1. Could you list, in sequence order, all residues of the stretch 190-225 that are among the aromatic types (Phe, Trp, Tyr) and either in contact with a strand residue (DSSP E or B) (Cβ under 6 Å, 6 or more places away or on another chain) or outside the structural domain of GLU163 (by TED's automatic domain parsing) (or both)?
2. Do you know which of the residues in the stretch 40-86 that are assigned to a helix (DSSP H, G or I) and aliphatic (A, V, I, L, M) is farthest from SER150 (Cα to Cα)?
3. Given the criterion surrounded by 15 or more Cβ atoms within 10 Å (Cβ to Cβ), in contact with a strand residue (DSSP E or B) (Cβ under 9 Å, 6 or more places away or on another chain) and modelled with pLDDT of 95 or more, identify the matching residue among ASP43, ASP34.
4. For PHE36, indicate whether it is of a type outside the set (Val, Ile, Thr) and closer than 26 Å to ARG19 by Cα.
5. Quick check on my filter: what residues within the stretch 81-93 are out of contact with any Gly (no Cβ under 9 Å at 6 or more places or on another chain), of a type outside the set (Phe, Trp, Tyr) and within 21 Å of ASP43 (Cα to Cα)?
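The values are calculated or read from the model by the stated rules, or taken from the named source; none is laboratory data. From a predicted model like this one, the values you see are computed outputs, not experimental measurements. Methodologically, a virtual Cβ is constructed for each residue, glycine included, from the backbone with ideal geometry; neighbour enumeration extends over all protein chains shown.
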Amino acid sequence: MIPQHKNQHSKPKLFEGLRSGDLVDMVSPTFSLDQFKSKMGKDKDVVVMSFKVKEKLPATDLMEFIEKGYQFALDADMSTGEERDGQYSVFVELERTQDVPRQIMEILNGVGLLCDCKEWNFRYFKDMNLYDATEHALSEQLPLTEVDYSNKMLTLKQEKVTEFFNQGAIDSADIDEANNLAIHKPYAETLNLKLLALGEYNTIKESIQGGIQLDDNSRNQTVYLEKYLGNYEIHKLDNKFLIKNGDNAIIVQKEGW
């Protein structure tokens, strides 16, 4: 259950010590939506908005400004420390409803006063495309219901899987909501796997424990996958298979192996 606020509409107030223009050149004009997981509820129920801020104190100011100025925000928080790029993230959680595009624009208008930013753009989830931050664009890109969110996540995941399996003689690779992966190949039985992770190779590799399995059974399983899938680098680690394609990789399991 997502906490409800008594006042769902509010105007930003510049609190003591923070004035218009105080965050100039501190906040990136590009923000993200649904890139991070919610703390307040399930992702299908909560939209997570994320700003990038250059320094810790301005990030704290921005977090407090949003927390105190927008009662429809479920939560405002920030990264615990400096991130790899030397910046800080400020997270804003909003209930996933038809009102979210308008609420996001309200926040942008208020934050824009602090950092003198009149033109914002955003990325959705892991999409690298940039979209102008307008209420119309937000309504188009941002799923506003639980069903729309589930459908969009499945579509994005299917696109990533299809892009990954772009080599060899594979007809198609289909993924469902439960991460069951079915790979189809001409004149061969369907290969059914469980998808555990998909992403950039170095990140994925760090997430899997154990060394490469070199026993006869593991080698036979690896050879089978190599023959079925084609030109992919495949290793068995523990009871999982790490499959590499260029700079990307997946981790899968096969039932019964």
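1. Initially, the stretch 190-225 is screened for residues among the aromatic types (Phe, Trp, Tyr), giving 201, 224.
Hit for the stretch 190-225 is TYR201, nothing else.
2. Restricting attention to the stretch 40-86, the residues satisfying the condition of being assigned to a helix (DSSP H, G or I) are 56-69.
When the remaining residues are screened for being aliphatic (A, V, I, L, M), the result is 57, 59, 62-63, 66.
Numbers: LEU57: 36, ALA59: 31, LEU62: 31, MET63: 29, ILE66: 28 Å.
Only one residue fits best here, namely LEU57.
3. Values: ASP43 fails: in contact with a strand residue (DSSP E or B) (Cβ under 9 Å, 6 or more places away or on another chain).
Being surrounded by 15 or more Cβ atoms within 10 Å (Cβ to Cβ), in contact with a strand residue (DSSP E or B) (Cβ under 9 Å, 6 or more places away or on another chain) and modelled with pLDDT of 95 or more holds for just one of ASP43, ASP34, which is ASP34.
4. On the way: of a type outside the set (Val, Ile, Thr): yes; closer than 26 Å to ARG19 by Cα: no.
Taking the combined requirement at face value, the residue does not satisfy it.
5. Quick first cut of the stretch 81-93, residues out of contact with any Gly (no Cβ under 9 Å at 6 or more places or on another chain) only: 81-87, 89-92.
Retained after the next criterion (residues that are of a type outside the set (Phe, Trp, Tyr)): 81-87, 89-90, 92.
Answer for the stretch 81-93, where residues must be out of contact with any Gly (no Cβ under 9 Å at 6 or more places or on another chain), of a type outside the set (Phe, Trp, Tyr) and within 21 Å of ASP43 (Cα to Cα): SER89, VAL90, VAL92.
The rows are residues; the columns are (1) aromatic (Phe, Trp, Tyr); (2) in a helix (DSSP H, G or I); (3) within 21 Å of the chain's Cα centre (by Cα); (4) surrounded by 13 or more Cβ atoms within 10 Å (Cβ to Cβ).
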{"position": "GLN209", "(1), (2), (3), (4)": "no, no, no, no"}
{"position": "LEU214", "(1), (2), (3), (4)": "no, no, no, no"}
{"position": "ASN220", "(1), (2), (3), (4)": "no, yes, no, no"}
{"position": "LEU225", "(1), (2), (3), (4)": "no, yes, no, yes"}
{"position": "ASN231", "(1), (2), (3), (4)": "no, no, no, no"}
{"position": "LEU242", "(1), (2), (3), (4)": "no, no, no, yes"}
{"position": "ILE251", "(1), (2), (3), (4)": "no, no, yes, yes"}
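Residue-wise test of (1) of a type in the set (Gly, Ala, Ser); (2) farther than 30 Å from THR155 by Cβ; (3) out of contact with any helix residue (DSSP H, G or I) (no Cβ under 7 Å at 6 or more places or on another chain).
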residue: GLU55; (1), (2), (3): no, yes, yes
residue: GLU67; (1), (2), (3): no, yes, yes
residue: TYR70; (1), (2), (3): no, yes, no
residue: ARG96; (1), (2), (3): no, no, no
residue: ASP116; (1), (2), (3): no, yes, yes
